[in-house]
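Q: Would you mind keeping the following structure in view while I ask a few things?
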Amino acid sequence: MASEKSKILIIGGTGYIGKHIVAASAKLGHPTFVLVRPSSASDPSKIGFFQGLPGAEVKILHGDLNDHESLVSAIKQVDIVISTVGGLQLADQVNIIAAIKETGNIKRFLPSEFGLDPERVTKIEPAASALAPKLAIRQAIKAAGIPYTLVSNNYFAGYSLPTLAQASPPIDKITIFGDGNTKGVFVVEDDIGIYTIKAANDPRTLNKKLYT
Ligand SMILES: NC(=O)c1ccc[n+]([C@@H]2O[C@H](COP(=O)([O-])OP(=O)(O)OC[C@H]3O[C@@H](n4cnc5c(N)ncnc54)[C@H](OP(=O)(O)O)[C@@H]3O)[C@@H](O)[C@H]2O)c1
């Protein structure tokens, strides 16, 4: 008999990588929940994407990273929480940790990582400062004793290749580090969606990092 699929909550599911992870969760048959701010939940350009996705149903739950009750209520309904909030919200993930600690039902938490491993980028600015909140959240998860997986996936191809990883086009100047032969790693966002959902459910990735 097939085992029951875990229920997955994505916080930040309307965002750039969040959409791919929501789509992968539905595609792999997981009952999928997305915590969406009320202002965004009434915006078709934000939530239209979730309608008619192939696979399991995607349920929209209204809530906010800064609304404790909404986090607790959403987290109680699922087995796994995946955060894909953006750079400005990384530090506020302490609120998710507090809610998970309170409900006590979560089998796995995946914080918003999905880039370089902050433990390996400790000296190069501005990356070090930008990644510092990810390090702090890792420490808070461990201190709270919450089961976790960290997805470290280098660069999203669709995000960084069109601009050659520059902050904004036009591309008038490119800095090449080293002798120009240093390898970079670029990943396809849909693949990261699938690997993230598989890792979230895999006993081998419990309390570990997944590198792609
Ligand atoms: N590897 C790479 O190349 C790469 C590139 C970019 C990002 N990343 C990483 O990927 C992760 C996600 O970044 P992203 O660019 O995909 O994020 P994003 O597009 O900025 O999306 C942020 C998400 O967080 C939601 N959000 C914002 N404030 C919220 C609040 N108060 N309560 C609940 N939800 C809130 C947004 O909802 P609304 O729709 O309501 O605003 C949106 O869904 C980050 O850790 C980032 O560092 C990696």
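Q: Touching a residue at least 12 places away in the same chain (Cβ under 8 Å) and part of a helix (DSSP H, G or I) - does that describe any residue in region 167-188?
A: The answer is no; no qualifying residue exists.
Q: Next question, about the same structure. Considering (1) within 10 Å of the ligand (Cβ to nearest atom); (2) in a helix (DSSP H, G or I), say which one Asp64 fails and leave the rest.
A: (2)
Q: Among what's in region 1-51 and is among the hydroxyl-bearing types (Ser, Thr, Tyr) and part of a loop (DSSP other than H, G, I, E, B), pick the residue that is nearest to Val72 (Cα to Cα). Write out each step before concluding.
A: Filtering region 1-51 for residues among the hydroxyl-bearing types (Ser, Thr, Tyr) gives 3, 6, 14, 16, 25, 32, 39-40, 42, 45.
Narrowing the set further to residues that are part of a loop (DSSP other than H, G, I, E, B) leaves 3, 6, 14, 42.
Numbers: Ser3: 26, Ser6: 18, Thr14: 20, Ser42: 22 Å.
Only one residue fits best here, namely Ser6.
Q: Report whether or not Val78 is touching a Ser or Thr at 6+ places or on another chain (Cβ under 9 Å), at pLDDT 95 or above and more than 23 Å from Ile197 (Cβ to Cβ).
A: Values: touching a Ser or Thr at 6+ places or on another chain (Cβ under 9 Å): yes; at pLDDT 95 or above: yes; more than 23 Å from Ile197 (Cβ to Cβ): no.
Against the criterion (touching a Ser or Thr at 6+ places or on another chain (Cβ under 9 Å), at pLDDT 95 or above and more than 23 Å from Ile197 (Cβ to Cβ)), Val78 does not qualify.
Q: Restricting to region 1-16, and then to whatever is surrounded by 14 or more Cβ atoms within 10 Å (Cβ to Cβ) and among the hydrophobic types (A, V, I, L, M, F, W, C), can you tell me which residue is farthest from the ligand (Cβ to nearest atom)?
A: The residue in question is Ile8.
Q: Show the residue pairs that are 6+ apart or on different chains and have beta-carbon atoms under 7 Å apart, the first residue being within region 38-66 and surrounded by 11 or more Cβ atoms within 10 Å (Cβ to Cβ), the second being among the acidic types (Asp, Glu).
A: Leu65/Asp92; Asn66/Asp92
Q: Now for a separate question. If you take the residues of region 170-205 that are touching a strand residue (DSSP E or B) at 6+ places or on another chain (Cβ under 9 Å) and loosely packed, with under 12 Cβ neighbours inside 10 Å, which of them is modelled with the highest pLDDT?
A: Per the criteria, the residue is Val185.
Q: Out of curiosity, is Lys19 open to solvent by 70 Å² or more (accessible area, probe 1.4 Å) and under 26 Å from Leu206 (Cα atoms)?
A: Considered against the rule, which asks whether it is open to solvent by 70 Å² or more (accessible area, probe 1.4 Å) and under 26 Å from Leu206 (Cα atoms), Lys19 comes out as no.
Q: Do the conditions hold for Ser129, that is, is it in a loop (DSSP other than H, G, I, E, B) and within 13 Å of the ligand (Cβ to nearest atom)? First the steps, then the outcome.
A: On the way: in a loop (DSSP other than H, G, I, E, B): no; within 13 Å of the ligand (Cβ to nearest atom): yes.
No: the conditions fail for Ser129.
Q: Further question: Residues Ile96, Ile141: which one is within 12 Å of the ligand (Cβ to nearest atom) and part of a helix (DSSP H, G or I)?
A: Ile96
Q: Is it true that Lys208 is open to solvent by 20 Å² or more (accessible area, probe 1.4 Å), more than 11 Å from the ligand (Cβ to nearest atom), charged (D, E, K, R) and in contact with a strand residue (DSSP E or B) (Cβ under 8 Å, 6 or more places away or on another chain)?
A: Yes.
Q: In region 67-93, what residues are aliphatic (A, V, I, L, M), near the ligand (Cβ under 8 Å from one of its atoms) and surrounded by fewer than 18 Cβ atoms within 10 Å (Cβ to Cβ)?
A: First, pick out the residues of region 67-93 that are aliphatic (A, V, I, L, M): 71-72, 74-75, 78, 80-82, 85, 88, 90-91.
Retained after the next criterion (residues that are near the ligand (Cβ under 8 Å from one of its atoms)): 85, 88, 90.
Correct list: Leu88 only.
Q: Is there a residue being over 28 Å from Ala91 (Cβ atoms), of a type outside the set (A, V, I, L, M, F, W, C) and loosely packed, with under 11 Cβ neighbours inside 10 Å anywhere in region 149-169? Write out each step before concluding.
A: Here is the first cut: in region 149-169, the ones over 28 Å from Ala91 (Cβ atoms) are 161-162, 164, 169.
Remaining after also requiring of a type outside the set (A, V, I, L, M, F, W, C): 162, 169.
Filter again for loosely packed, with under 11 Cβ neighbours inside 10 Å, leaving 169.
Yes; the residues of region 149-169 include at least one that is over 28 Å from Ala91 (Cβ atoms), of a type outside the set (A, V, I, L, M, F, W, C) and loosely packed, with under 11 Cβ neighbours inside 10 Å.
The values are calculated or read from the model by the stated rules, or taken from the named source; none is laboratory data. Small disclaimer: the values here were computed from a predicted structure and weren't measured. Virtual Cβ from ideal backbone geometry, glycine too; neighbours counted across all protein chains shown. Keep in mind that these areas ignore ligands, DNA and RNA; they rest on the heavy atoms of the full protein, side chains included. Shrake-Rupley method; radii C 1.70, N 1.55, O 1.52, S 1.80 Å.
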